[in-house]
Amino acid sequence: MKELKILAVLIVIVGVTYWGIEPLAHSIMHKHIEEAIHKYHLPDYEFSDLGSTPPLDGDPAKGKEAFQMFCASCHGLKADGIPAPMDPKTAAMSFGVVPPDLSNITSYTDKKFLFHFIKDPAKASEFKKIAMPAMGLQDEQIADIIAYLDSKAKKVHGEELFKEACGRCHGAKYQKIYAETPPDALKKYLGKVPPDLSIIMKAKGEHYLVAFINKPQALLPGTSMPRVGLNKEATEDLMKYLDEISDPHKEQRQKVGIIVLAYMLVMIGLTYAWKKKIWKNIH
């Protein structure tokens, strides 16, 4: 019985060390992050700091006309047969970053955020150097454009979501995904080359990443990453994908770990039984 008590104490100590030290260290070393998350109530999928949003019940037909007039000079819409006006290299040289194709933008970007972004890109994205200017569109025109985009959008998941939401600036080299915009253009546009995201989940953790993507400036003031306005569903989908690529053997490792633990428990039981049998006459 004495040995079992010692074993129990060791298990408790190891468990507290394994599951307790990291949260404790995070609360001490990254206190400002937790304070920012609490202050701004992150993640805020209502994007409440951008103000009220009018009803987004626009006319897709009028939205297509407005898109062709105001958006098609920079953006493509493959879903409706509208090609990008420039090849990626030329676009990067012109704007600093390759403008996204907008075929599925409403499937992963919050529509309220998208409204405010079209109305005032610098304010919504919290990025003063953003290449997209405010075009002075009326609220009805913006609502029509969003309705048109929404009529063409399809849901994207996993790698496709990563490429559309992040792939203009970020790569994931372990998945052989490379940023659409050339590094030299990104460095000139953003001030530095954005990090590869292959193992970002291991480096930062989901708690940080969800809040950072939702409002980068709150967690890292002065960062050159703009707010992109991902909705909750897309954020969760993206986190799942980043977790998968950062640790592709996680499920297999966990299964092996359970088998090893089970084996150890069996051996501990057998060892204890053997000890009792050998020493019973002495006691």
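Along segment 154-160 the Karplus relation, 6.51 cos²θ - 1.76 cosθ + 1.60 evaluated at θ = phi - 60°, assigns HN-Hα couplings of 10, 5, 10, 9, x, 4, 5 Hz to successive residues, with x for each Gly and Pro. Rounded to whole numbers, the Karplus 3J(HN,Hα) couplings from phi for segment 205-221 are x, 5, 4, 5, 4, 4, 5, 5, 5, 5, 7, x, 5, 5, 8, 9, x Hz, using 6.51 cos²θ - 1.76 cosθ + 1.60 with θ = phi - 60°, and x at Gly and Pro. Only Lys, Arg, Asp and Glu carry charge here, each on its Cβ (+1 for the first two, -1 for the last two); on that basis segment 10-158 has a dipole of about 380 debye about its Cα centre. Of the residues 70, 115, 162, the one that moves most in a GNM of the chain with alpha-carbon contacts below 10 Å is 70.
Express the accessible area of segment 40-246 per residue in Å², computed with a 1.4 Å probe while the remaining protein chains stay in the model. Present the calculation step by step, with values, prior to reporting the outcome.
Working: 10410 Å² over 207 residues.
Ligands and nucleic acids excluded, the figure is 50 Å² per residue.
Model label points for residue 207 and residue 128, set 7 angstrom from Cα along the Cα-to-Cβ axis, are 3.3 nm apart. Computed from Cα positions, the angle between helix 60-70 and the longest principal axis of the chain comes to roughly 80 degrees. Rounded to the nearest 20 debye, the dipole size of the chain about its Cα centre is 1660 debye, using +1 on the Cβ of Lys and Arg and -1 on the Cβ of Asp and Glu.
The H on the amide N of residue 177, modeled in the peptide plane, is under 5 Å from the matching H of 172, each at least 5 residues off or on a different chain. Expressed as a whole percent, the accessible area of the chain that falls on carbon and sulfur atoms is 62 (1.4 Å probe).
For a modelled paramagnetic label at residue 79, 7 Å from Cα along Cα-to-Cβ, the residues of segment 147-184 in reach, with backbone nitrogen under 19 Å, are 147-168.
In segment 40-246, with Lys and Arg counted as +1 and Asp and Glu as -1 at Cβ, which of these residues, 185, 221, 124, has the Cα nearest the positive end of the dipole, that is, farthest along it? Of the options given, the answer is 185.
Over every Cα atom in the chain, the radius of gyration and the widest Cα-Cα span, Dmax, amount to 25.7, 95 Å.
Rounded to the nearest 10 degrees, the angle from helix 232-246 to the longest Cα principal axis of the chain is 50 degrees. Paramagnetic label reach from residue 46 (point 7 Å along Cα→Cβ; backbone nitrogen cut-off under 17 Å): within segment 132-147, no residues.
At a Förster radius of 25 Å, what calculated FRET efficiency corresponds to the Cβ-Cβ distance of residue 5 and residue 262, to the nearest 0.05? Spell out each step's value before the answer.
Numbers: r = 22 Å, r/R0 = 0.89.
The formula returns an efficiency of 0.65 here.
Amide H contacts for residue 82 (H built 1.01 Å from N in the peptide plane; partners 5 or more residues away or on another chain; cut-off under 5 Å): 77. 3J(HN,Hα) along segment 260-269: 5, 4, 4, 4, 5, 5, 4, 5, 4, x Hz, from the Karplus curve 6.51 cos²θ - 1.76 cosθ + 1.60 with θ = phi - 60°, whole Hz, x for Gly and Pro.
The values are calculated or read from the model by the stated rules, or taken from the named source; none is laboratory data. Predicted model, so just to flag it, every value in this text is computed and none were measured. Neighbour counts are summed over all protein chains in view; Cβ atoms, including those assigned to glycine, are modelled from backbone coordinates with ideal geometry. When the accessible area is computed, the model is the full protein with side chains, heavy atoms only, and any ligands, DNA or RNA have been set aside. Shrake-Rupley method; radii C 1.70, N 1.55, O 1.52, S 1.80 Å.
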